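Here's the structure, in structure tokens; my notes come after.
Read-outs: derived from the displayed coordinates by stated rules, not from any lab. All figures in this text were calculated on a predicted structure; none of them were measured in a lab. Backbone-built Cβ (ideal geometry, glycine too); neighbour counts: all protein chains shown.
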Amino acid sequence: MNAPVAHRPGPPLWLLAELTYRCPLHCVFCYNPVDFARQEDELSTDDWLRVLREGRELGAVQLGLSGGEPLLRDDLEIIVAEARRLGYYSNLLTSGVGLTAARAATLKEAGLDHVQLSFQDSTREMNDFLSHTKTFELKNKVAKLIKDQGWPMVMNVVIHRLNIDHIDRIIGMAHEMGAEYLELANTQYYSWAYVNREQLLPTHEQLRHAEAVTDAWRAKLGDAMRLFFVAPDYHEGKAKRCVNGWGSTFMTIAPDGGVLPCHTARMLPGLSFPNVRETSLRAAWFDSEGFNRYRGTGWMKEPCASCAHKEEDLGGCRCQAYMLAHDAEAADPVCRFSPQHALVQAAVAEAARPKVAEHPLVFRDPVNSRRLSEPSA
Amino acid sequence: MNPPTPGTVPRIGAGFRLQWEPAQDCHVLLYPEGMVKLNGSAGEILKRCDGQRDVAAIVAELEAAFSTTGLEPDVLAFLKMAGQQRWLAWA
């Protein structure tokens with residue numbers, strides 16, 4: 001019997017290098033794995049330089065330098081210089097904490113193409129998200145450093161229940177800081193955001209209001225600032241093509257060298273992923289079980305297998321299917337055709353009920369990470 | 001931005017980078033977290049937009065390279081679109 005032939009994928013155009021899980025911040029919506037504190041063995045500089053070369057040979061062209069906080073790696077400048085030499089377009093995804101004028105100048109000199117400045121909460125008081133002066137002073141300072149170096153100014157704000165009603169102020173602030181692009185990214189409920197979902201999930205009304213405010217700003221600003229509103233899939237009843245299709249475009253390298261189709265794929269049980277310490281990126285991309293398992297549509301079962309939308313959404317997100325339906329091969333439960341869609345509807349309905357006794361927010365820090373990933377006795 | 005004329009001197013827009021990608025066998029235009037794959041004629045036009053040549057010179061070069069004439073309206077229409085997309089900038 002012949003095994004079904006998986007279609008040969010194109011190159012991994014997007015290489016995401018998660019240089020470290022270390023981070024000075026403790027964001028409650030962080031997408032790093034909940035057990036990040038147990039993964040302390042970071043790749044060396046030489047490992048990263050080899051990864052960059054192998055990625056470029058495979059055809060990768062966009063490079064994301066992320067984390068954790070990538071500025072905590074003191075070899076960042078070396079990595080950026082090699083990326084430039086190889087012909088990557090390099091994107092530094094940072095909170096800005098640790099970016100001084102001197103470091104910005106060195107990174108520019110090394111050939112860094114773009115800095116995406118994220119707005120995160122650096123305090124333990126979420127309600128102060130917008131009024132906390134220290135955060136704003138820092139972001140203002142870093143925004144100016146970015147402008148001074150002539151980098152395109154791209155800001156990213158993770159949107160959730162606790163800040164969504166301030167969206168007018170957030171957009172206004174980004175405009176004042178001279179942002180050319182603003183990404184308003186509704187929280188995706190994985191990892192820490194999943195732990196804190198009840199506190200972070202906005203209501204339908206909050207979302208509608210935020211969209212209307214965003215549209216009004218679009219009309220007012222025209223081309224001066226481009227606004228991207230990333231819709232949350234819980235509220236839409238529609239699955240999204242996850243990472244543009246499993247193993248089709250994206251390749252993530254975790255701090256310890258794990259090679260993943262997306263930054264959360266390691267949560268899936270019974271699936272092993274290669275490590276750059278033992279495997280070439282070419283073998284990882286084309287030949288590994290981890291990358292081949294959910295490529296295309298051959299792995300699907302019902303209702304996806306016979307669905308008219310299967311080529312469009314590719315069944316949605318495997319991690320979300322596993323988290324919500326406890327089955328990585330199920331339809332993504334955010335889809336209205338999923339047998340488990342009621343779970344998502346219930347979470348959204350719960351968001352609309354007045355909160356009486358909320359659980360405390362769980363901050364992303366090493367102590368919580370170890371506690372939440374304790375092997376069960 | 002003014003519409004392009006034969007005297008316009010276009011250059012690649014800030015934050016964009018044009019390069020040839022062997023793996024994709026085409027020119028691409030890179031920008032923050034994104035990429036435009038260019039068809040042959042778009043690549044041929046953009047690689048001549050170096051902030052030195054004016055549109056008239058670019059048109060003359062293209063007509064010579066591809067042994068044809070009358071390309072100016074097409075080139076101007078492409079430049080106008082590329083300017084709106086911020087792929088190109090000019091004074």
Which residue pairs have Cβ atoms under 7 Å apart, sit 6 or more places apart or on different chains, and have a first residue in region A:45-58 that is in contact (Cβ under 8 Å) with a residue 12 or more places away in the chain and more than 11 Å from chain B (Cβ to nearest Cβ) and a second that is surrounded by fewer than 15 Cβ atoms within 10 Å (Cβ to Cβ) and part of a helix (DSSP H, G or I)?
-> A:Glu54/A:Arg282
Restricting region B:41-91 to residues that are among the aromatic types (Phe, Trp, Tyr) and surrounded by 15 or more Cβ atoms within 10 Å (Cβ to Cβ), which is farthest from A:Gly222 (Cα to Cα)?
-> B:Phe78
Say we look at region A:96-114 and pick out the residues that are in a loop (DSSP other than H, G, I, E, B) and aliphatic (A, V, I, L, M); which of these is nearest to the chain's Cα centre (by Cα)?
-> A:Val97
From (1) small (Gly, Ala, Ser); (2) touching a residue at least 24 places away in the same chain (Cβ under 8 Å); (3) part of a helix (DSSP H, G or I); (4) closer than 22 Å to A:Pro232 by Cα, pick out the condition that doesn't hold for A:Ala330.
-> (3)
Which pairs do you get when a residue that is within 17 Å of A:Pro152 (Cβ to Cβ), found in region B:28-41, comes within reach of a residue that is among the small types (Gly, Ala, Ser) and part of a strand (DSSP E or B), reach meaning Cβ atoms under 8 angstrom, with the pair 6+ apart or on two chains?
-> B:Glu33/A:Gly64
Residues in region B:20-39 that are surrounded by fewer than 19 Cβ atoms within 10 Å (Cβ to Cβ), in a strand (DSSP E or B) and either in contact with a Gly (Cβ under 6 Å, 6 or more places away or on another chain) or more than 8 Å from every other protein chain (Cβ to nearest Cβ) (or both): how many?
-> 4
Is region A:80-95 home to any residue that is farther than 30 Å from B:Gln24 by Cα, out of contact with any Cys (no Cβ under 8 Å at 6 or more places or on another chain) and part of a loop (DSSP other than H, G, I, E, B)?
-> no
What are the residues in region A:208-248 that are crowded, with 18+ Cβ neighbours inside 10 Å and outside any helix (DSSP H, G or I), if any?
-> A:Met225, A:Phe229, A:Pro232, A:Ala239, A:Lys240, A:Gly245, A:Trp246, A:Gly247, A:Ser248
